[in-house]
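Here's a structure for you.
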Amino acid sequence: MGKKILKIVGIILLLIIGVLIAAPFILEAKIGDLIRNNVNNNVNAKLDFTDANLSLIKSFPNASLNLKQVSLVNQAPFEGDTLFAAEDVSLTLGIGELFKSEGEPIAIQNLGLDGANIHVKVSEDEVANYEIGKEDDSSKTSSEPSSSFTFDLQSYEISNTNVIYDDAVAKVFLLVSDIQ
């Protein structure tokens, strides 16, 4: 009887470990597309990245998502200007966030930036390139706010990052490099 219970427990543990190892391969493309689509549907800019790597073991019981070669490129009036680019963006989110459909909020707990370049511009017309959020028509008719991301940041890490602030109105140009 005791050996039978140990076998059952052993098989269940092997199945759980197997799911933890196999699930990232199945969900990687889905979560990458989900984040790309949610961001692109809610901002007047285009988010893109070359690769999304998902791990359920690295930050267990949460999921760890690493995005490589991330860029956020503005649309009009700053068409083609890169607001944000990074070699690596790492996010930690609850495993349940992986199973949400497009349009549902995704809660992000931890954020890491490595090798980022942020270029903030303010034109002579007093328009800033970081004002990229789209107007939310549903908030006018509904009392519930709609959002695609919720931040429950417990930690963040910024390394090897450069920030350029170029304000044509105030005639200020600021370059801060190698932020750690």
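Assess whether PHE84 counts as being under 21 Å from GLN154 (Cα atoms), aromatic (Phe, Trp, Tyr) and either part of a strand (DSSP E or B) or in contact (Cβ under 8 Å) with a residue 24 or more places away in the chain (or both).
It is false that PHE84 is under 21 Å from GLN154 (Cα atoms), aromatic (Phe, Trp, Tyr) and either part of a strand (DSSP E or B) or in contact (Cβ under 8 Å) with a residue 24 or more places away in the chain (or both).
Could you please find all residues in segment 49-96 being at pLDDT 85 or above, exposed (fewer than 13 other Cβ atoms within 10 Å of the Cβ) and under 19 Å from ASN37 (Cβ atoms)?
Hits for segment 49-96 are THR50, ASP51.
Does segment 26-46 hold any residues that are over 11 Å from the mean Cα position of the chain (by Cα) and either part of a strand (DSSP E or B) or buried (at least 18 other Cβ atoms within 10 Å of the Cβ) (or both), and which are they?
LEU27, ASN42, VAL43, ALA45, LYS46
For segment 9-25, which residues satisfy the criterion of being open to solvent by 80 Å² or more (accessible area, probe 1.4 Å) and either at pLDDT below 85 or not in a helix (DSSP H, G or I) (or both)?
ILE16, ILE17, VAL19, ILE21, PHE25, listed by residue number.
What do you reckon, is ASN110 in contact (Cβ under 8 Å) with a residue 40 or more places away in the chain, surrounded by fewer than 20 Cβ atoms within 10 Å (Cβ to Cβ) and under 11 Å from the mean Cα position of the chain (by Cα)?
Numbers: in contact (Cβ under 8 Å) with a residue 40 or more places away in the chain: yes; surrounded by fewer than 20 Cβ atoms within 10 Å (Cβ to Cβ): yes; under 11 Å from the mean Cα position of the chain (by Cα): yes.
It is true that ASN110 is in contact (Cβ under 8 Å) with a residue 40 or more places away in the chain, surrounded by fewer than 20 Cβ atoms within 10 Å (Cβ to Cβ) and under 11 Å from the mean Cα position of the chain (by Cα).
Is it the case that segment 97-107 has a residue that's at pLDDT 80 or above, surrounded by 15 or more Cβ atoms within 10 Å (Cβ to Cβ) and outside any loop (DSSP other than H, G, I, E, B)?
No, segment 97-107 contains no residue that is at pLDDT 80 or above, surrounded by 15 or more Cβ atoms within 10 Å (Cβ to Cβ) and outside any loop (DSSP other than H, G, I, E, B).
The values are calculated or read from the model by the stated rules, or taken from the named source; none is laboratory data. Fair warning: this is a prediction, and the values are worked out from it, not measured in the lab. Heads up, the Cβs are rebuilt from the backbone with ideal geometry, glycines too, and the neighbour counts pull from every protein chain shown. Side chains included, ligands, DNA and RNA excluded: accessible areas come from the protein's heavy atoms. Shrake-Rupley method; radii C 1.70, N 1.55, O 1.52, S 1.80 Å.
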